[in-house]
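Down below is the structure, laid out as structure tokens.
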Amino acid sequence: MLLQKRLHKLSLLISLAVISHKVSAVEFNVEVLSTEERGNIDLNAFAEPGYLYPGEYNFRITVNRTNVSSDDFSVMVFPDVQEKQKTQICLTKEIIHKIGFTNEALELVSYSTENACADLREITGIEIKPVLGEGRLSIQVPTSWLEYSDATWSPSSHWDEGIAGFMLDYNISSTLTSYNHRDDADYTTYNGSAGFNYGAWRLRSDYQGYRQNSFTNKKSQSEDLSLSRVYAYRNIKSWRSTLSVGENYIFSDIFDSWKYIGFGLQSDDRMLPPKLRGYSQQITGIAETNAQVRVSQQGRVLYESSVPAGNFTISDLDTFIKGKLDVEIIEQNGKIKTFQVDTANVPFLTRPGQVRYKFSTGRPINYDHDVDGPGFVHTELSWGVNNHWSLYGGGVAAENYGAMSVGIGRDLFQYGALSADVTQSVASFKHDASQQGKSWRFSYSKEFSDINAELSFAGYRFSEEKFLTMNQFLAKSRNDDWFNREKELYTIT
């Protein structure tokens, strides 16, 4: 054992010497070794550049000069079965998946049954070289075998699930109003998420509330705390998708939005490199005084911020926020102004060869978390046919209600981009005749690079009288006296 350890250390020194100098022939004199076993030692293998003595090494691994992890890896080196003067570096399945191979490349990798080492002979162009002076194992791979990567993004093979633990994020906004040291009042709002992480799963509960104190003639106080949704989700890296279970919202590019309890599966652009993702909508408005701006959707607060008097722009909304948003401007004097912003994508174009999808099923619920409608299935799919054309569509199916949509997007090059779709709905009611209708939508977008501006006509929607969205169907099923029946909608930015 002592001899083996000495040989292992000696191999490192000899390997460094051989790698750092190009020689035509190398011979070693074993007489310099202070051991009685020198007659049984053969050092001729070290004449081969890059030779490593069999054993276990700790290496920092780089792929095309980029670290695959901040940690070192334990790498085994085994004697070559066919050529005794050579050794084989063993790459385990863990290391292979850290390299960032494409799915096509991973299908070409096989593993030996004896020591679970990867066989990479089917992947052409790979070069594996130990750099002992740096404690590094260099792996050079043609980029055609690797997932997309850039300086601001790491491929999914480098991701981990994080550590288990509790989390709490919050956003607190407070205002204090005083008029000549009389009639003082303070108003505090807060919202955020609380949850627990375990493995790939994330348990979350979104909360929101307020606290108000008034010191007019006598002190009064009011407060409220509510949970807008409770849900769990996890990523599926190989699908670039997110699976969710519990209370959630339908965030649709085609249909309207509603709250439901069930489960959903959808492609997640946040798993794509930043350069391959979409955009987020800007919200602009005018505040008469120092004010609070609150953005919500389906009763859930998504964004809240203080703004000074004058024009304001909110441009840091998360990219996943889509659909109709409710905006409130709460002035310092208590006046509240409200308006809505439609954040639909314009136009509906998908990158060539890319497929985006959404699937959800469950039952609609109201703000009090009570079931408020029949079970449903919702699907959407978009496909980038090529650089010029995209196809998309979807459907909603529920008891006594159905809707189907098909659309097409076209890149008009210097003239911008255009998309158009048509949606057909069919609904039936207990005490009323069934009704069906169509809704057409046209969207247009043109960027003017010279003046750093973009025109978005996002766009024009016309609906027949008997066309019903899912929300309109649910409202009519409840015999509501009023439900939104917009037949024309324009959105221009």
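Each reported figure results from applying straightforward, stated rules to the coordinates on display, with no laboratory input. This is a predicted model, so every value here is computed, not measured. We place every Cβ from the backbone using ideal geometry, glycine too, and count neighbours over all the protein chains shown.
The range 366-421 and the range 221-242 have Cα centres spaced 23 Å apart. The simple Förster model, with R0 at 22 Å and r as the Cβ-Cβ distance, assigns residue 265 and residue 193 a FRET efficiency of 0.55.
Potential lengthening of the chain between residue 436 and residue 167 amounts to 92.1 nm, from the contour at 0.36 nm per residue minus the alpha-carbon distance. Sites listed here are trypsin sites (Lys or Arg not before Pro) in the range 47-143 whose DSSP assignment is loop and whose Cβ has at most 14 other Cβ atoms within 10 Å: 65, 84, 86, 121.
Can you give the net charge of the other residues whose Cβ lies under 15 Å from the Cβ of residue 287, counting K and R as +1 and D and E as -1? Once all neighbours under 15 Å are counted, the net charge is -1. Applying a DSSP loop filter and a limit of 16 other Cβ atoms within 10 Å to the GluC sites (Glu not before Pro) in the range 69-127 leaves 83, 107, 114, 122.
Fully extending the segment from residue 290 to residue 336, taken as 0.36 nm per residue of separation minus the present Cα-Cα distance, adds 15.3 nm. Could you give log10 I(q)/I(0) at q = 0.13, 0.21 Å⁻¹ for the range 54-149, computed by the Debye formula over C-alpha point scatterers of equal weight, without solvent? At q = 0.13, 0.21 Å⁻¹ the computed log10 ratios are -0.43, -1.18. A straight chain from residue 428 to residue 324 at 0.36 nm per residue would run longer than the Cα-Cα distance by 34.8 nm.
Exceeding 31 Å between C-alpha atoms, which entries from my cross-link table qualify? They are 335/438; 259/335; 237/337; 259/430; 446/476; 335/446. Too far apart for the 31 Å limit: 335/438; 237/337; 446/476; 335/446.
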